[in-house]
Amino acid sequence: MEQMPEFKRHRRLRSSHAMRAAIRENHLRTEDFIYPMFVIEGNNIKNEVPSMPGVFQVSLDLLKEEVQEIYQLGIRSIIFFGVPNDKDEVGTGAYVDDGMIQQATRLVKKEFPEMLIVADTCLCEYTSHGHCGVIHNHDVDNDESLKLLAKTAVSQAEAGADIIAPSNMMDGFVAVIRKALDDAGYQHIPIMSYAVKYASAFYGPFRDAADSTPQFGDRKTYQMDPANRMEALREAESDVNEGADFLIVKPAMSYLDIVRDVKNNFHLPVVAYNVSGEYSMVKAAALNGWINEKELVMEKLTAMKRAGADLIITYFAKDVAKWLSE
Ligand code: PBG
């Protein structure tokens with residue numbers, strides 16, 4: 001044979017299933033996932049969200065059954081979103097004792113004490129205008145909204161939430177919530193901050209599921225510009241200094257560079273939020289038979305771990321738990 005130039009033989013390590021498995025660098029585990037659930041007011045309701053096939057709004061009386069299924073699949077973390085009937089200017093439903101998240105948390109903690117309950121702490125599902133805080137002069141008032149957010153966090157902790165996850169993107173929310181939790185005797189409850197949250201078109205289907213579309217304007221005065229990278233580090237840095245215990249990057253799929261930046265620069269667990277629009281796109285293509293759903297989902301979630309995510313909030317959690325046990 002003609003003499004070949006020198007080169008590396010990378011294919012040696014791809015020669016068989018066993019060889020590939022032996023050198024695999026990243027793995028998905030059922031423990032990596034947090035499953036989002038929409039708890040709706042009323043009775044005997046299990047509504048499939050039209051833009052999110054396989055995702056349901058579930059009323060409290062049917063919640064136990066739903067959680068039972070999740071529990072049997074080995075999933076041990078849920079994040080709750082409330083979908084109340086009545087809304088008002090100041091999002092009262094977020095911080096009343098019998099709010100949707102508070103009731104769901106009590107019920108699930110009683111039936112499944114080992115389940116980790118993450119409470120999404122925001123006002124947008126509870127305000128009549130759909131914004132994440134109180135409106136003054138056509139914009140969300142930062143410091144007034146913080147007071148209500150702190151009340152919400154404390155009432156969620158009182159109901160038994162294991163982790164408080166503030167998502168409204170007001171400045172100072174970690175500091176104010178940390179202090180409120182500490183003052184109320186919840187020093188031991190961690191904060192999973194939506195530290196880096198972009199103003200994203202990928203949230204569209206969620207706003208159908210949670211009925212939280214802003215009734216005027218958009219969220220660009222509080223959520224971040226998708227064009228920015230340094231700003232993500234500034235946001236994460238403040239939250240670390242204010243006492244966050246976990247840092248969420250959201251969305252995930254189109255923001256893996258940011259996941260990696262946050263992972264490299266801070267020493268807290270990083271959570272990637274694989275958001276609704278990312279789910280819907282994959283589902284739509286899968287339902288059309290255009291992609292192999294299982295392979296694609298496993299690939300994209302593994303990519304999130306490779307980018308540095310320690311945990312992933314995903315609507316695919318149930319599917320993946322099934323696939324991992326096959
Ligand atoms: C609430 C909140 C949103 C999401 C999670 N928490 C919506 C928003 O900011 O409009 C989006 C999640 C998803 O798209 O799956 N502030």
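No lab work stands behind these numbers, since they all come straight from the coordinates. These figures come from a predicted structure and were not determined experimentally. Every residue, glycine among them, receives a Cβ derived from its backbone with ideal geometry; neighbour counts consider all protein chains shown.
Here the mean projected area of the convex hull built on the C-alpha positions of region 204-245 is 4.5 nm². Each principal axis of the Cα cloud of region 249-295 was evaluated for its coordinate range; sorted largest first, these ranges are 41, 18, 15 Å.
Distances longer than 14 Å among the Cα atoms of region 1-54: what percent of all pairs is that? Tail of the P(r) past 14 Å holds 77 percent of the pairs. Look at the Cα gyration tensor of region 196-326: its axes a ≥ b ≥ c give a/c of at least 1.5 with a/b at or below b/c, and that counts as oblate. About the centre of its Cα atoms, the chain shows a dipole size close to 1580 debye [charges on the beta carbon of Lys, Arg (+1) and Asp, Glu (-1) only; nearest 20 debye]. Sorted largest first, the spans of the alpha carbon positions of region 129-217 along the three principal axes are 38, 28, 22 Å. Built from the Cα atoms of region 28-325, the convex hull projects on average onto 14.2 nm², one quarter of its surface area.
Proximity of backbone amide H atoms, modeled 1.01 Å from N, is registered between GLY91 and SER128 at under 5 Å, excluding neighbours fewer than 5 places apart on the same chain. Per the Debye formula on identical point scatterers at the alpha carbon atoms of region 29-122, with no solvent, log10 I(q)/I(0) at q = 0.16, 0.26 Å⁻¹ is -0.65, -1.51. Of all aspartates and glutamates in the structure, those lying under 13 Å Cα to Cα from LYS220, and not within fewer than 8 positions of it along the same chain, are ASP139. Using only the Cα atoms of region 252-326, each taken as one equal point scatterer with no solvent, compute I(q) by the Debye sum, divide by I(0), and report log10 of the ratio at q = 0.23 Å⁻¹. Each listed q maps to, in turn, -1.04. Sorting VAL83, VAL275 from the fewest to the most surrounding beta carbons within 10 angstrom yields VAL83, VAL275. Anything over 28 Å Cα to Cα? Flag those among LYS197/LYS305; LYS46/LYS283; LYS151/LYS283; LYS87/LYS147, in the order listed. Over 28 Å apart, Cα to Cα: LYS151/LYS283. Would you work out which of SER16, GLN57, PHE81 lies farthest towards the positive end of the dipole of region 11-96, given +1 charges on the beta-carbon of Lys and Arg and -1 on that of Asp and Glu, about the Cα centre? Checking the options against the dipole of region 11-96, the answer is SER16. Each pair of Cα atoms in region 67-156 enters the Kirkwood radius, and Stokes-Einstein at 4 °C and 1.567 mPa s then converts it into a translational diffusion coefficient of 94 µm²/s.
Ignoring aspartates and glutamates fewer than eight residues from LYS110 along the same chain, the ones with Cα atoms less than 20 angstrom from its Cα are GLU41, ASP61, GLU65, GLU66, GLU69, ASP97, ASP98, ASP120, GLU158, ASP162.
Filter the DSSP H helices in the chain by two things, a Kyte-Doolittle mean of at least -0.5 and an axial alpha-carbon span of 24 angstrom or more, and list the hits by number. Qualifying helices: 142-159. Converting phi to 3J(HN,Hα) with the Karplus coefficients 6.51, -1.76 and 1.60 and the offset θ = phi - 60°, region 246-252 yields 9, 10, 9, 10, 8, x, 9 Hz in sequence order, with x at every glycine or proline.
Taking every alpha-carbon pair under 8 Å whose residues sit at least 6 apart, the chain reaches a relative contact order of 18 percent.
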